[in-house]
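*Asks:* Handing you a structure now.
The values are calculated or read from the model by the stated rules, or taken from the named source; none is laboratory data. As the structure is a prediction and not an experimental result, all values here were calculated from the model. Here the Cβ positions follow ideal geometry from the backbone for every residue, glycine too, while neighbour counts run over all protein chains shown. Keep in mind that these areas ignore ligands, DNA and RNA; they rest on the heavy atoms of the full protein, side chains included. Shrake-Rupley method; radii C 1.70, N 1.55, O 1.52, S 1.80 Å.
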Amino acid sequence: MPSIFARTQQLNLAKTDLAEKHYRQTLFYYFQGQNETALTEVGRTQLRLGELDKKTSLLKAGLQISIGLQAQAQQVLLAFDHKNTANENIQELLLVALLSLAEQFIEQGKMAEAQDALSNILRVDSRYYSQYTMLSQLAYWPTKTNLLKMSTDKLEKNNENVNADALFSPYIQLNNALRHIENKEYQQAINLLNVLKVSSWFSEEPTFWQTLFSKKLLFGAKEYGANEDNRYTESISQGKQSLAINDYARLLLAQIYVQKALFEKALSELQTFPQHSPYRESALYLFAYSAQQSKHYTSAFNIFTLLHKQYPYSYLGWQSGELLAEQISKQQSLNQGLQAYQQLEEFYQQRVTELSSFSLQPFKFQNEAQSIWLEQALKEPSLSNLYQDLAQTNALSKTIKKLQDKSHWLAETIALNQQRKANIVTSQKNNKQQVQLNILLIKRTALAEKLSVALASEVALSHGETHETSWRDGFANDNEQAWLNRINKSKENLIYLKKKYAIDDKNQQQSIKDYQQRLNRVEGVLNWQLYQQFPQRSWHHKQALKIIDQSLARVKNQQSKILILSESQSSLAIIIEKQLKSAATAQRLLQKTQHLHAQIIKEITDNIAGYINKQQHILAQHILSTKRAMAKILEHIASNDLKIEQQLELSPKHQVDNRFTISNQEVIR
Amino acid sequence: MKKISLLLFMVLINFSFFDISYAQEPEKNSSASNLAKELEQLKSQVLQLNLELFILEEDLLFPASTQVAIFVSVDIGRFFKLDSVEVKINDQDVAGFLYTDRQRKSLEQGGIQKLYLGNLKMGSYQLTAIFNGLDNDGRNVKRAANYQFEKDDESLMIELKLVDETSNFRTKVIVEEWVL
């Protein structure tokens, strides 16, 4: 029994908006973070419906961006007819998509592409203005670009702060400060940074489309599930970002002070620098350097020692070693300084040896944990990107192999289908279904004729033609038919008897007359019974004939379908062709992936070699400068020794006094 | 001093939220960029192949003349927290699904789930859907729907909608046959 709702639905025959239904099917996958499946669903929609509506097109672009298909997304977005897109929502989505695309290009260092994406933006409202400004700053860095004016909607026109808020985004301010530093406009930079180091910010909750297009936010979406937990994590992350901006501003300030030789100011700026800041290493270095320059030797000594020990593979750690040794040679004694430089040289040599042995190791994927140098090398963004590309090619290979399995399975299914079809054709031939169908059709025609004769006879009877009895044929049941047969037999017998006995045999003639009357009575009763049943039975016969007609039509239809299917191989042939094509494509793609994998490994190997060379070069410079410093110390020691010797030669009394003075000087130095 | 400052500046620049050091090495990046482009193209081709095989599979296994698809959607799910669904056609179990929180939320946010894709011959059928879940007080609740449908030689799509009824704070099941 269908429900009321179902019946109501059935009555409503308006066509379903299939585009919307497909879009929502895509969303089901998207909300679960299955972006590749969602993109496949969009592709399926495009194939089934012919074209995509604007909303789905944008969703497609977003999904493409999220899985790293920027070029395709860019094509979709740039082909978008901005001017004819009056719908504000679509405009907004387009803006978000272009901003996200630009952001990804910037992250990958593709500045020209980022500029392209940004130049396609025609209007920016206040919500996205800060993001737009920041991305423009980065894409056109270090040159200044002409930004679009912020477009304000009705609600925001009254709010004058919106513009200011958008432009006072911390990232924009930081970039402005960096630009001032670059242009040596230190005072402006200091003013900006002084505000930034104590301010706090709370970013707005991202919209659905921002979440869709942003990889970072998408990562958050993957953690989707416990909403409350998410909000908590989100707020922690926002707080951390705000703190990171404060720290960064403080670090930039200290750097400006160091550049202007205002070491005391730099020191006071960094004195309360948080220990767990991401910029800890740089802050420590700047602090130690400023302390050294402002003659806070103990602090400088301790922090340089800490840096040198804690960061043995970083440039600042290496630089700290040299500054430390320099301080020891100045603060303590030349011999201690020399010793410090010797240890430092040994340290550098050790790094060089490690690097050499690292360069001899063959590169192995997923082996980064085994080598500290590989771990260091992967901090270089280009190498890290290549490493990610390598991981992607591995994943692609696995996917293609799965697709090959699927294609193989489809081939087997097609073969089974072909076999099934062949079996059907054979069975059809063996069963001679057409002959059987023809026999059935003949039988049906005979039945129909019988019915029409009976109906005509019944009509004649109703018009008084009492001799008409053919209406009874085919409408009597078995019992009645037996009676009718018996009556007919009796009639024949009576005719025979009439012929046999002479007319003057009155006794016999009387008996025959009695028989005839009795037979007529029995026949009359039977006729009456049958006539009573006639309308009902003829109706049943008509219905039965109708059902037979319908069944025969179905059988004919089915038979013709089977005939078409068995004779035409076209539908299966198309599928076979497609399967073969896909198998070939899979093979080709696998080869391409393997080739690309090899290329990436070569590129990584080259990059690592370049990295090793660079490190070796830097270490060589450090070794050279260490050696120079040692040479200088040795020179000092030699000249000191010479002075002592000269004094000793002058007078033995003087010699003793002089030695005493020189060693004192050495200590002071 | 100059050396140190330069070094520092480089380090500081590296802390920028978007690493701009790439722009300073265009030559080094060109081959990497080509590789990235190739990888992107490859990725796109693999996705295309995946789509083609997906369509091929569907055409082969579920031809339109016999295809039946059953979908599930939720609007908005305030009074019913969906836990599982069972679907029967002519009293035969054809599909069942146990929802994770994330899948449930995906439905509540507007997603439509394709629950079942199968084949049926032409004729009349009876569909029974039983949804299990929790009400706002955390009690187990069942919602069910029966639906009689005719399968002809066109593909048939049926959506089972869980719809909130604000009048009685309950959720009802609406069966919608898509008009293609």
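*Asks:* Would you mind classifying the stretch A:393-446 by shape? Square roots of the alpha carbon gyration tensor eigenvalues, ordered a ≥ b ≥ c; an a/c under 1.5 is rounded, otherwise it is prolate if a/b is larger than b/c and oblate if not. Walk me through the numbers before you get to the answer.
*Replies:* Working: a/c = 13.04, a/b = 4.86, b/c = 2.68.
Verdict is prolate for the stretch A:393-446.
*Asks:* Now a separate question. For the stretch B:113-180, which whole percent of the accessible surface, found with a 1.4 angstrom probe, sits on carbon and sulfur atoms? Working shown, then result.
*Replies:* Working: 1520 of 3290 Å².
Looking at the stretch B:113-180 in its full context, I get 46 percent from C and S.
*Asks:* Taking the radius of gyration and the Kirkwood hydrodynamic radius from Cα positions alone, what is the Rg/Rh ratio for the stretch A:585-640, to two decimal places? Don't skip to the answer; put the middle values down first.
*Replies:* Values: Rg = 23.8 Å, Rh = 15.0 Å.
Computed over Cα atoms, the ratio is 1.58.
*Asks:* Please report how far the C-alpha centroid of the stretch A:255-285 lies from that of the stretch A:385-401, rounded to the nearest whole angstrom.
*Replies:* That distance is 42 Å.
*Asks:* List the residues whose amide H sits under 5 Å from the amide H of B:Gly77, counting only those 5 or more places along or on another chain, with H placed 1.01 Å from N in the peptide plane.
*Replies:* Sorted by chain and number, the residues that satisfy this are B:Asp164.
*Asks:* So for the stretch A:474-627, what are the equivalent ellipsoid semi-axes in whole Å, largest first, each being the square root of 5 times an eigenvalue of the Cα gyration tensor?
*Replies:* Values: eigenvalues 2451, 56, 20 Å².
Output for the stretch A:474-627: semi-axes of 111, 17, 10 Å.
*Asks:* So how exposed is A:Ser66, as accessible area in Å² (1.4 Å probe, rounded to 10)?
*Replies:* 10
*Asks:* On a 1.4 Å probe surface of the protein chains, which of A:His540, A:His622 comes out largest in accessible area, and what is the full order?
*Replies:* Details: A:His540 100, A:His622 10 Å².
Accessible-area ranking of A:His540, A:His622, largest first: A:His540, A:His622.
*Asks:* Per residue of B:55-63, how many C-beta atoms from partner chains lie within 10 Å of its own C-beta, taken as a mean? If you can, show how the numbers build up before the last one.
*Replies:* Values: counts 7, 11, 7, 2, 4, 10, 3, 0, 1.
Going residue by residue through B:55-63 and averaging, the value is 5.
*Asks:* Moving on. Mind listing the phi-derived Karplus ³J(HN,Hα) values for the stretch A:297-306, rounded to whole Hz, using 6.51, -1.76 and 1.60 with θ = phi - 60°, and x for any glycine or proline?
*Replies:* Here the 3J(HN,Hα) series is 5, 5, 4, 4, 4, 4, 6, 4, 4, 4 Hz.
*Asks:* Once amide H atoms are built 1.01 Å from N in the peptide plane, which residues 5 or more positions from B:Thr66, or in another chain, come under 5 Å H to H?
*Replies:* It is none; the list stays empty.
*Asks:* Would you please calculate the Kirkwood hydrodynamic radius of the stretch A:330-460 over all C-alpha pairs and express it in Å, rounded to one decimal? Spell out each step's value before the answer.
*Replies:* On the way: mean 1/r = 0.0407 Å⁻¹.
In the stretch A:330-460 this quantity evaluates to 24.6 Å.
*Asks:* To continue, here is another question. Please give the solvent-accessible surface of A:Trp539 in Å², to the nearest 10, using a probe radius of 1.4 Å with every protein chain present.
*Replies:* 140
*Asks:* Quote to one decimal, in nm, the extra length available between A:Arg588 and A:Ala620 on full extension: 0.36 nm per residue of separation minus the C-alpha distance between them.
*Replies:* On the way: separation 32, 0.36 × 32 = 11.52 nm, distance 4.72 nm.
Gain on extension, A:Arg588 to A:Ala620, equals 6.8 nm.
*Asks:* Using protein chains only and a probe of 1.4 angstrom, how many square angstrom of A:Thr37 are accessible, to the nearest 10?
*Replies:* 60
*Asks:* Okay, moving on. Per residue of the stretch A:43-53, what does 6.51 cos²θ - 1.76 cosθ + 1.60 with θ = phi - 60° give for ³J(HN,Hα)? Whole Hz please, x for Gly and Pro, Karplus curve as stated.
*Replies:* x, 4, 4, 4, 5, 6, 9, x, 9, 9, 7
*Asks:* Based only on Cα atoms, what mean projected area does the convex hull of the stretch B:101-159 have, in nm²?
*Replies:* Working: hull surface 20.7 nm².
Averaged projected area of the stretch B:101-159's Cα convex hull equals 5.2 nm².
*Asks:* Mind pulling the per residue volume of the convex hull built on the Cα atoms of the stretch A:247-396? Å³ is fine. Don't skip to the end; give the middle numbers.
*Replies:* Numbers: hull volume 19.1 nm³, N = 150.
Cα-based convex hull of the stretch A:247-396, divided per residue, equals 127 Å³.
*Asks:* With a Förster radius of 30 Å, plug the Cβ-Cβ distance of B:Ser167 and B:Asp93 into 1/(1 + (r/R0)^6) and report the FRET value to the nearest 0.05.
*Replies:* On the way: r = 33 Å, r/R0 = 1.10.
Efficiency for this residue pair is about 0.35.
*Asks:* Work through the residues other than B:Ala64 whose Cβ is under 15 Å from its Cβ and net out their charges, Lys, Arg +1 and Asp, Glu -1.
*Replies:* Values: positive: A:Arg44, A:Arg48, A:Lys561, B:Lys121, B:Lys151; negative: B:Glu57, B:Glu58, B:Asp59, B:Asp152, B:Asp153, B:Glu154.
Summing Lys/Arg as +1 and Asp/Glu as -1 gives -1.
*Asks:* Continuing with this model, one more query. Between A and B, buried accessible area summed over both sides at probe 1.4 Å, in Å² to the nearest 100?
*Replies:* Details: alone 42360 and 12940 Å², together 46640 Å².
Counting protein atoms only, the buried area is about 8700 Å².
*Asks:* Same structure, new question: Spin-label point model (7 Å from Cα, Cβ direction): what's the A:Tyr297 to A:Glu635 distance in nm?
*Replies:* About 2.2 nm separates the two model spin labels.
*Asks:* When the solvent-accessible surface of protein heavy atoms is calculated with a 1.4 angstrom probe, in what order do A:Ser357, B:Ser33 fall, highest first?
*Replies:* Highest to lowest solvent-accessible surface, that is A:Ser357, B:Ser33.
*Asks:* Computed over the Cα atoms of the stretch B:39-172, what is the ratio Rg over Rh, Rh following Kirkwood?
*Replies:* Values: Rg = 17.5 Å, Rh = 16.6 Å.
Reported Rg/Rh, Kirkwood definition of Rh: 1.06.
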